[in-house]
Amino acid sequence: MHVRLTSLFGAAALKAGAAGSWPIFVAVVIGASSFGQGDRSIALALANLPPALVDLAEVLSGVVQPVFLLPACLLLSVAASMRPCDIKLSRFGLFGFNCASVSLVTALLLKHAIGRARPDPDLNLDASLFHPFTLHDAYASFPSAQSACAAAVFISAARFFPHLRYPLHCAALALCCARVLTGEHWVSDVVVGWMIGWLAVFALSPLVLSKDELRQ
C-alpha cells in the first residue's frame with residue numbers, strides 16, 4: 001500500500017513549506033558551524049556585555065517563559081472567540097498553544113536525553129560536556145525548550161497575520177537570542193530550539209489552515 005506524501009499534508013502545504021524552508025537551511029548552517037568550539041567562543045565574547053543589555057535580555061526571557069506563554073495563548077483564544085470579528089485571532093491563540101505545546105514537549109524530552117551542560121564558567125564554558133539522562137537543569141541545555149516554545153508562537157502568528165510576518169519573525173529571533181545573552185544557553189541550543197518551533201508550525205499548519213492561508 002502506497003501513501004502519497006501529498007495526501008497526508010496536501011500539495012499546498014508541501015509547496016508552501018518548500019518555498020519557505022530556506023530559514024531551516026540557514027538555521028542548520030548556523031547551528032552546525034557554532035556547535036562546540038564556536039559556541040564557547042561566542043559565550044566568551046558575550047561575557048562582558050553591558051549590564052543594561054543583560055537585564056533587558058532577562059526581562060524578555062522571563063516574559064515568554066512557557067508557564068506564561070501557553071496560558072496567554074489559551075486566554076487569547078477564549079477571549080477572542082466571544083467576538084465574531086475576532087475569530088481569526090481566536091484560531092491563532094489555539095493554534096499557537098498547540099504548536100508551542102508540541103515544541104515544548106519535544107525540546108524537553110530531547111534536552112534531558114542529550115544532557116548537554118549549560119554555559120557555566122565553573123565548568124570552563126565547556127560546550128562539549130554531556131551527561132545524558134542526568135535529569136538535572138545544569139545538564140539540560142540542548143535544545144532550548146523556551147526558544148522552541150516562543151518561536152512556535154510567533155511563527156504561528158506570522159502564518160495567521162502574514163502582513164506582520166517580518167516583525168513577528170524578528171521577535172522570535174530576538175527572544176531566542178535573549179536566552180544566549182542571559183548565559184542560559186549556547187547559540188546552537190537556541191538555533192535548534194527555533195528549528196523545533198518552526199517544524200511544529202509546518203507540521204500542524206495543514207490541519208487548521210485553508211489552502212489560501214497556506215499559500216501566503
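From G62, G96, which residue is open to solvent by less than 70 Å² (accessible area, probe 1.4 Å), without any contact (Cβ under 8 Å) to a residue 40 or more places away in the chain and under 17 Å from the mean Cα position of the chain (by Cα)?
Among G62, G96, only G62 is open to solvent by less than 70 Å² (accessible area, probe 1.4 Å), without any contact (Cβ under 8 Å) to a residue 40 or more places away in the chain and under 17 Å from the mean Cα position of the chain (by Cα).
Just give me the residues in region 30-59 being open to solvent by 80 Å² or more (accessible area, probe 1.4 Å) and at pLDDT below 65, in sequence order.
Listed by number, the list holds a single entry, S33.
Restricting attention to region 146-153, does a residue exist that is assigned to a loop (DSSP other than H, G, I, E, B), crowded, with 20+ Cβ neighbours inside 10 Å and in contact with a Gly (Cβ under 7 Å, 6 or more places away or on another chain)?
Within region 146-153, none of the residues are assigned to a loop (DSSP other than H, G, I, E, B), crowded, with 20+ Cβ neighbours inside 10 Å and in contact with a Gly (Cβ under 7 Å, 6 or more places away or on another chain).
In region 159-184, which residues are more than 13 Å from the chain's Cα centre (by Cα) and either surrounded by 24 or more Cβ atoms within 10 Å (Cβ to Cβ) or free of Cβ contacts under 8 Å to residues at least 12 places away in the same chain (or both)?
Scanning region 159-184 gives R159, H163, L164, R165, Y166, P167, V180.
Consider region 131-145. How many of its residues are in a helix (DSSP H, G or I) and either open to solvent by less than 10 Å² (accessible area, probe 1.4 Å) or under 30 Å from R165 (Cα atoms) (or both)?
1
Looking only at residues in region 44-64 that are touching a helix residue (DSSP H, G or I) at 6+ places or on another chain (Cβ under 6 Å) and not β-branched (V, I, T), which one is farthest from N124 (Cα to Cα)?
Filtering first and then ranking leaves L60.
Exactly one of (1) outside any helix (DSSP H, G or I); (2) surrounded by fewer than 24 Cβ atoms within 10 Å (Cβ to Cβ); (3) touching a residue at least 60 places away in the same chain (Cβ under 8 Å) is unmet by P206. Its number?
P206 satisfies all of (1) outside any helix (DSSP H, G or I); (2) surrounded by fewer than 24 Cβ atoms within 10 Å (Cβ to Cβ); (3) touching a residue at least 60 places away in the same chain (Cβ under 8 Å) except (1).
The values are calculated or read from the model by the stated rules, or taken from the named source; none is laboratory data. Predicted model only: the values in this text are computed from it and were never measured. So basically every Cβ, Gly included, is an ideal-geometry build from the backbone, and we count neighbours across all protein chains shown. Keep in mind that these areas ignore ligands, DNA and RNA; they rest on the heavy atoms of the full protein, side chains included. Shrake-Rupley method; radii C 1.70, N 1.55, O 1.52, S 1.80 Å.
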